[in-house]
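Shown next, in structure tokens, is the structure this report addresses.
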Amino acid sequence: MNYPKIKMIGAALFAVLALSSSIAQADEMKTILKNQVLSKSQFLCGEEVTNEGSIKGDLFSGAKIISSSGIITGDFIAGGQDISSSGTVNGDILCGGESIDISGAVDGDIRCGGANISISGKIEKNVNVFGESIKIKPNTQIGRNLLAFGKYIKIDGKVNGYTKLGGHRIILNGEFFQDVDINTETIWDSGPNSSVTILPGTIIHGKLTYRSTAPINIPKGAVVNSSQWIKSTPPKTENQISIRSISVSFIKMIVATVAYFLFAMLFFRLFPGIFKNLSQAIQQNPLMTAGVGLLGILSILITLIGIIILVIFSIVFETPELLLLITTASIWIYTGLVCLASIPVALWVGELLVKNRPLHIQFALGLGSLALCQFILDVLGNTPKLGPAFEMIQFILCLGILLLGSGALIRMAKKVIRFVRTFDPISA
């Protein structure tokens, strides 16, 4: 296979697709027996997928439970709830799931993400993992580099390349032949509860660089060639709202609003008739317009899911070009709806605020009012106790803008298509 980027996308999507009824039936089980030898790549989906045989190619699998104790001469790409590999993989392992256990030999790279990840055995190349709990067991040998990002990380094995770790609680108890870089400033915060622990018996041949709120205590029995501590600042609490940060955010909001206004005016120059009638779609029936927007967005998302499934199938048949083109076009349509949704809503709000004023003034007032409301709600969302309530209000406001604006754009697009179909150039 010569589609590494497509494989990476497929591996990330399998975790979602495998649990969907559109891919696998609840009573379906697929098993490759120990004495079976399959001469080509396999695409297996179901409630449970088991490989005990030999696959001369890649294994693509999406299921609730996936296990491979046999031989895969290509890549092992999987998505599901529980994934395990105790056999031999001559290529790469790319997987996503709730629980991932890799204990066999891997000649290529390991790239996976999940809640609980456990790795042991011999890996010839790199290991890149993302999860809540990551454990590299004592008998693990990583031939090249290790990149791990998680809430809890414990390394007991050997890493021949460099090691880069990011997490909330990190424990080192292995042997590292090159530099080790640790950062506790992650999405799990870098507060007082974050920690980096080096246990006796740990050996770091290179330089240890770590970013944390407190220095590491290197115990007797641990060997560290050299170390550098970069002190990190604990995050501000909810009641510490910086006036400077609010001012910067306000300036950014003004700049973004002005840029969007100029973009909309360019749109008005190109399509003045469409621009003027956008707010009418919302004025006539706001609830119906929001419903049209919801149906339109859901239709695009459902179409994308279907196309993604076809893209994954096309990898097997090595014909992904057309489906990727359709996927790209659908993404552009969805992006266009999201980006342009504020225009009809701002026109509608501006017309409610002022009557009988030029269109650009109504639009500017409406757009400024929406931006100011979102900014105020964003600031109030950082306040203690009442912050979640304001965040919910902001979410409802953004969702309403998206649904109303998308619905107005879709209704206007239908009118334009209807006009083009009925247009008679001879009579015109």
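Only the coordinates and a few stated rules stand behind these numbers; no lab work does. Please read all numbers here as calculations on a predicted model, not as lab measurements. Here the Cβ positions follow ideal geometry from the backbone for every residue, glycine too, while neighbour counts run over all protein chains shown.
Assorted remarks:
- Cross-link pairs exceeding 24 Å between alpha carbons, from the set K158/K220; K30/K122; K64/K164; K34/K154: K30/K122; K64/K164; K34/K154.
- Cβ-based exposure ranking for L262, L367, in which fewest neighbours within 10 Å come first: L262, L367
- S299-Y260 pseudo-label distance in nm [points 7 Å out on the Cα-to-Cβ vector]: 2.5 nm
- This ranking places D107, D92 by how few other beta-carbon atoms lie within 10 Å of each, fewest first, which gives D107, D92.
- Förster radius 56 Å - calculated FRET efficiency between V354 and T328 (Cβ-Cβ, nearest 0.05): 0.85
- Note on K34/S103: beta-carbon distance plugged into 1/(1 + (r/R0)^6) with R0 of 25 Å gives a FRET efficiency of 0.90.
- If R0 is taken as 30 Å, the Cβ-Cβ distance between M253 and L287 corresponds to a FRET efficiency of 0.55.
- ³J(HN,Hα) computed for each position of the stretch 394-410 - Karplus, 6.51 cos²θ - 1.76 cosθ + 1.60, integer Hz, glycine/proline x: 4, 4, 5, 4, 5, 5, x, 4, 5, 5, 5, x, 5, x, 5, 5, 5
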